[in-house]
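Each reported figure results from applying straightforward, stated rules to the coordinates on display, with no laboratory input. Just so it is clear, the model here is predicted, and its values are computed rather than measured. So basically every Cβ, Gly included, is an ideal-geometry build from the backbone, and we count neighbours across all protein chains shown.
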Amino acid sequence: MVWPFNKTPVAPERISTDEVIPLFDRDDTATNKGVSLEFSMIYDEVLDADKIYGALWTLLEKPGWRKLGARLRLNDKGKLDYHVPAQFTNERPPFNYTHLVESTPFSQHRIGAKFPALTGKLQVLDALGHERLLTDEESTKRTLEDWTQHDVGQLGLHILSFPDATIVTITWLHTLLDAMGRHALFRAWQAVLEGRDNDVPPFLGYHSDPLEKLGTSSTAEKEVSMQPYLVSTLGMLRFAFNNIVYEKYFYPDDSARMVVLPAAEFAKIKAQAFVDLDSLDPSRITYTTSSPRKPFLSDGDITTAWILRLYARANPEIANSNPSRIFSIGNVMGMRDIVRTSEPKLLPPATEGAYIHNCISGSWSIMSVGDMLSLPLGHIAARIRSDLVVQSSRDHLEAAQRDAAGGKMNLYGSGDMVFSTLTNWAKAKLFEMDFGAARKDGEGNGKAVPKFIYPIAHSTSLPLRGSGNCIGRDKDGNWHFGMLMRKEFVEGFVKEIEKIGGERS
């Protein structure tokens, strides 16, 4: 029986003048449709909200960039379409906008108390957990239906103004863009704010996807390096039960923590990681191509190994499990550089066009729990590096994209594995988002870059516990991380930080 007060939400009536564009295959996936993000940048400067708002509106009026102001709709085949308004108006703006002015200084506000001053030591911050304190519940979207059932743009801009600080929050559904797409958006937004409209790059992929042919090559060798670890259908069911059904039923509460690793501490960790390579078989080390050849580890290899091992040691269910149990690390890997530099080239250089759409794949590192807990950090980082080198080749990428056609999601490891993913945003240089042109204290003179960046991901499609992100490096060289875990594991995580000389804030 259908009760009259249980009305099923329906999409707004189609506007005949809207331009309809199907989403690209790598955007319209079950994973992307189930993940929304809130991305808050905290500035010590007092910023002019009208200038920030106006610059974003101006950008989204530009050819191609208008696509970011489209509405999301499900078509008759269950796929997503963009409906781009012929004209943006106050009634149908390109993005959802709110601005709240607080009379209490940020330094004395309940939100400000969550972001204490950095001490120059390793710190773990309580931050905001999953509390929605930075955006308004009514105006912020979270699930796919929040977009498809309302006539709203895909982006949300929410500005919180204090007498001594400003918080700028962007919200979106993952169907819209990835981290490097956000980087391109921010750079274009900043260019408009600074009056450099000529520096806004052309928008790539308005009607058709330049990457449409990726994964269709018949000459690419079948990807075999990870094939022995491909999780079977039965294994996927076991993984889903362990990580979704069991976890959510018996331990429903998540908790997030931010970790700040000072530049000086990271320098020590990095130096030790390279010393660790002295005890590793040279065949397992990646070397530079220049002469003389030297061992190579990126900062990302080292930070990924460091934060995930820290989490593993703090989690009693990992630390006390069978040492032979598989520990699978999923590294989110950007594809733009690969398809820009290898043949056939599918994208021009970044200066010649901005590809905003999702353009990511994955790099997997498989080891045992025992190795993750006991190996020297440099050995773990070297494993991550060597796996990335193999899995970022064009042939491997073509094969992996072919296997993922239709939005299929493959997992590597085993059904009872420990699974942790890390998204590294350092390359996106998010701490360089400069709103200096909107400063109120000097008519736009000087810089204004974030002191803190606080991201929140809401997922109905992926288990996120035990995973995190490297947000990047701030202007002082401090590394910022976020980790999501079962609430019951937080105290152990904090104690692990304290054990290595850190402090809770």
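Return the FRET efficiency for the residue pair Glu498, Ile360: r is the Cβ-Cβ distance, R0 is 25 Å, and the value is rounded to the nearest 0.05. Mind dumping the intermediate values first?
Working: r = 35 Å, r/R0 = 1.38.
So the FRET efficiency works out to roughly 0.10.
Mind checking the dipole of the chain: about its Cα centre, +1 per Lys or Arg Cβ, -1 per Asp or Glu Cβ, Debye to the nearest 20?
In debye, rounded to 20, the chain gives about 840.
Rounded to the nearest 5, what is the percent of antiparallel bridges among the DSSP beta bridges in the range 367-505?
Working: 6 of 9 bridges.
Approximately 65 percent, going by the DSSP bridge assignments.
Can you check how the C-alpha radius of gyration of the chain compares to 2.2 N^0.38 Å, as a plain ratio? Each step should come with its number before you reach the end.
Working: Rg = 22.9 Å, N = 505, 2.2 N^0.38 = 23.4 Å.
Relative to the 2.2 N^0.38 Å estimate, the chain comes out at 0.98.
What is the list of residues in the range 169-193 whose amide nitrogen lies under 13 Å from a point 7 angstrom out from the Cα of Asp199, following Cα to Cβ?
From the range 169-193, the list is 186-193.
Under 22 Å between alpha carbons, and skipping anything fewer than 8 positions from Lys345 in its own chain: which lysines qualify?
Lys213, Lys222, Lys427
Can you return the lysines within cross-link range of Lys33? Criterion is Cα-Cα under 21 Å, with same-chain partners fewer than 8 residues away left out.
Lys67, Lys77, Lys79, Lys141, Lys248, Lys408
Of all beta bridges DSSP finds with both residues in the chain, what is the antiparallel percent, to the nearest 5? Please report the intermediate quantities before stating the final value.
Numbers: 59 of 77 bridges.
Counting DSSP beta bridges with both partners in the chain, the antiparallel share is about 75 percent.
Among Asn315, Leu347, Phe239, whose Cα lies farthest out toward the positive end of the dipole of the range 224-348, if unit charges sit on the beta carbon of Lys, Arg (+1) and Asp, Glu (-1)?
Leu347
Straight-line reach from Lys121: which lysines fall under 18 Å, measuring Cα to Cα and dropping same-chain residues less than 8 apart?
Leaving aside lysines fewer than 8 places away in the same chain, those within reach of Lys121 are Lys268, Lys270, Lys451, Lys475, Lys495, Lys499.
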